[in-house]
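Bear in mind that the values in this text are calculations on the coordinates, not laboratory data. Given the structure is predicted, the values throughout are model-derived calculations rather than measurements. So basically every Cβ, Gly included, is an ideal-geometry build from the backbone, and we count neighbours across all protein chains shown.
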Amino acid sequence: MKDLLIELFSEEIPARMQTRAADDLRRLFTDGLVEAGLTYASAAAFSTPRRLALTVEGLLAQSPATREERKGPRADAPEKAVEGFLRGAGLTREQVETRDTPKGPVLYAVIEKPGRPAAEIIAEVLERTIRTFPWPKSMRWGSSSLRWVRPLHRILCILSDEGGAEVVPLSIDGIETGDRTEGHRFMAPEPFSVASFDDYAAKLKKARVVLDAKERADVIWHDATNLAFASGLEVVEDAGLLAEVAGLVEWPVVLMGEIGVDFLDLPPEVLQTSMREHQKFFSVRNAKTGRIERFVTVANRETADNGATILAGNQRVLSARLADAKFFWENDLRVARDDMSTWLQALDSVTFHNRLGSQGDLIRRVSALAREIAPLVDADPDETETAARLAKADLASEMVYEFPELQGVMGQYYIKAAGGSEAVAAAAPGHYAPLGPSDAVPVDPVSVAVALAEKIDKLTGFWAIDEKPTGSKDPFALRRAALGVIRIVLENDLRLDLRQSFRSHMNAHPPGEGDDLDGKTDNLLGFLHDRLKVYLRDQGVRHDVIDACIALPGSDDLALLVKRAKALQEVIGTEDGENLIQGFKRANNILTQAEEKDGVEYSFGPDVKFAEGAAERALFAALDAAEPRIADALKADDFAGAVSAMATLRGPVDAFFEEAQVNSDNQTIRRNRLNLLHRIRTICTSVADLTRIEG
């Protein structure tokens, strides 16, 4: 067995491309090996700003020889058929056999392929991998036809075993493979040879290169948190920034610097965003006050002055950036304290969608809808309308123009500065939530009303103009809006008539093709139900159980729908529940077949006086007892109670089918029993449409 080491050494690879590139290198190369018949034990890929590396362990010394027998046409088949067979097998007529079979003489090709040395296969697969590598963006340089993300300088490719290492010979556009690489660009630029992956990783570390991106990230976080802790501070967690910075350095050197006192009173979100976006700095805050007081930067080299010069330069650049942020902040505060309607007027000139009007139109629609929703969520209508009117005002502010990701966050500050209440201010960031599956939903009634209004307006607007998601395309994030509605309703346990809200608010939008508001409303509600299935599936609720509950009236009340589904799933997961479903389906099937055959509906009430036997009379009694219990429970929204009452029918239904023959020769008895089955179906389907339960 042999081990393989490959390194593709280039100019700096953008940090955002490194992880994907390492995965692509491993996938493309190992897939190519397997297709060529060369198996291996394990493979791992690594990336730094200047290199992609791949180690493959346990390679065969050569691919195994193969022998394949391929049956062809009859020996006397038309010439074109024979030629096609020979061409596919890569053989001549003299190289194939003719064998006698019960159907006459048939041509057989025996294709033997000898094994190939590992080095030959590796060179072939590596060249194909390099030339077809799927970089998001690539370039050519000089007179070379090769495309790579940045100019490629070296290709290291060696096979090693106990006896030593050998270079796999390959030349790509003048770049010859070898066993040499380079260390850190500044601290150890001299080339050196390696003999194995372990030797490679150890020598790189001596040459001030940490090969593993996770190890670099761990070093950065460990050193940063230690520096902050020593000053009584803490580093603000930012996983995305940590991954990006780990892709910018090969030898991370963590330094902590000061923020000018003139900028310490800026909102922490402004400081954090400015430093992250412009400088790739981590924010360091005082845990007691929440104020950002320092920053952490990561250099790519050690210096004689322990980073003092680097820090001084960074602090100068940072001061210039923060001076801009402070200017925006102070200007925006003056506008907010004077009259925020200035921003609202400006938003009348900002297009939301060419068929749905301006941002100002959007704000007016959302304000009206939020006022309607307010009483349903125990929010003050006047306060809610004010919150909805101001929630997007910061879109016209200078700070949000510079940092769009601060929309809502800055609005909260500006509304407070203008004298707005805490509830009104909280709606500015809160009405966008949740942006992702892990985001918290708003819980304050005013924020809940505005968040629901904003999302319902978006959904009904795009449904009104027939701009719905198709396949994987969802340019207006309507699936996210629907999931937001679902989570806000369920996590706040809200009782809302969404069908009515959708239909009435769809009138607030320009009409699309046709004017079938009921049809569009039903379609939108179906879209919401589909999102609900995905959401509940992740919580372990079966899709057929949800379908069984959606089929009943009132399915637009999501809170009740989910309670019904969870109660139903809990019962049908038991032996009694499973057997009840089977008994119900048996009753439903017999009844359906009889109604189709007879051309009548057996919905006339069954009479116990025609019952024969104890089991049949017991079923009548069980239905008489369960029906009012189920009805009362449903009226009280006690779905667990309703499902529990339905489950009591399991025994009597089973006993009835064991004792009685529904299709009796006595037509009076038969009609009465079919009416009895109709009663079973009616009572059970009042809880859920059990015909939709699978199994």
- Based on Cβ point charges of +1 for Lys and Arg and -1 for Asp and Glu, what charge dipole magnitude is obtained for region 213-338 about its Cα centre, in debye rounded to the nearest 20? 140 debye
- Message: With +1 on the Cβ of every Lys and Arg and -1 on the Cβ of every Asp and Glu, and nothing else charged, how large is the dipole of region 66-113 about its Cα centre, in debye rounded to the nearest 20?
- Response: 160 debye
- Linear extension gain, VAL34 paired with SER504, 0.36 nm per residue minus alpha-carbon span: 163.2 nm
- Task: Using only alpha carbon positions, build the gyration tensor of region 273-381, then give the equivalent ellipsoid semi-axes as the square roots of 5 times its eigenvalues, largest first, whole angstrom.
- Result: 43, 18, 15
- Message: What does the net charge come to around ARG276 if you take all other residues with beta carbon closer than 13 Å to its beta carbon, with K and R at +1 and D and E at -1?
- Response: -4
- Go through MET256, PRO169, SER686 and say which Cα lies farthest out towards the positive end of the charge dipole of the chain; charges sit on Cβ, +1 for Lys and Arg, -1 for Asp and Glu. PRO169
- Note the listed values [x] 0.94; [y] 1.01; [z] 1.10, then indicate which one is Rg/Rh (Cα atoms, Kirkwood Rh) calculated from this particular structure. [z]
- Query: If the cut-off is 16 Å between C-alpha atoms, which lysines fall inside it for LYS205, apart from same-chain ones fewer than 8 positions away?
  - Reply: LYS214
- Task: Output ³J(HN,Hα) for region 578-594: one whole-Hz value per residue in order, computed from phi by the Karplus curve 6.51 cos²θ - 1.76 cosθ + 1.60 with θ = phi - 60°, and x for Gly and Pro.
- Result: 5, 5, 5, 4, 5, x, 4, 5, 5, 4, 5, 5, 4, 5, 4, 5, 5
- Item | Mean-position separation - Cα centroids, region 434-500 and region 256-320, in angstrom | 38 Å
- Query: For the chain, with the dipole built from +1 on Lys and Arg beta-carbon atoms and -1 on Asp and Glu ones, taken about the Cα centre, which of TRP148, VAL485, HIS222 lies farthest toward the positive end?
  - Reply: TRP148
- Query: Using unit Cβ charges (K, R positive; D, E negative) and no other charged atoms, how large, in debye to the nearest 20, is the dipole of the chain about its Cα centre?
  - Reply: 1180 debye
- Please tell me which of these pairs span more than 31 angstrom C-alpha to C-alpha: LYS137/LYS458; LYS326/LYS392; LYS458/LYS563; LYS458/LYS585; LYS392/LYS473; LYS533/LYS585? LYS137/LYS458; LYS458/LYS585
- Task: Among LEU5, ILE310, LEU435, pick out the residue whose Cα is farthest towards the positive end of the charge dipole of the chain, where Lys and Arg carry +1 and Asp and Glu carry -1 on C-beta, about the Cα centre.
- Result: LEU5
- The distance between the Cα centres of region 107-160 and region 6-71, in whole Å, is 10 Å
- Query: For SER358, which sequence-distant residues (separation of 5 or more, or a different chain) have an amide H within less than 5 Å of its own amide H, given hydrogens modelled in the peptide plane?
  - Reply: PHE352
- Query: What value, in deg cm²/dmol to 500, does the helix sum -39500 (n - 2.57) over DSSP H runs of n ≥ 4 give at 222 nm once divided by the residues of the chain?
  - Reply: -16000 deg cm²/dmol
- Note on the structure: With x for Gly and Pro, the residue-by-residue ³J(HN,Hα) of region 548-562, computed from phi through the Karplus equation 6.51 cos²θ - 1.76 cosθ + 1.60 at θ = phi - 60° and given in whole Hz, is 5, 8, 4, 5, 8, x, x, 6, 7, 8, 5, 4, 6, 4, 5
- Determine ³J(HN,Hα), in whole Hz, for all residues of region 488-502 in sequence, where each value follows from phi through the Karplus function 6.51 cos²θ - 1.76 cosθ + 1.60 and θ = phi - 60°; x replaces Gly and Pro. 4, 5, 6, 6, 9, 6, 8, 9, 10, 8, 5, 4, 5, 4, 4
- Message: Using a Cα-Cα cut-off of under 27 Å, which lysines could be cross-linked to LYS71, ignoring same-chain neighbours fewer than 8 residues away?
- Response: LYS80, LYS103, LYS113
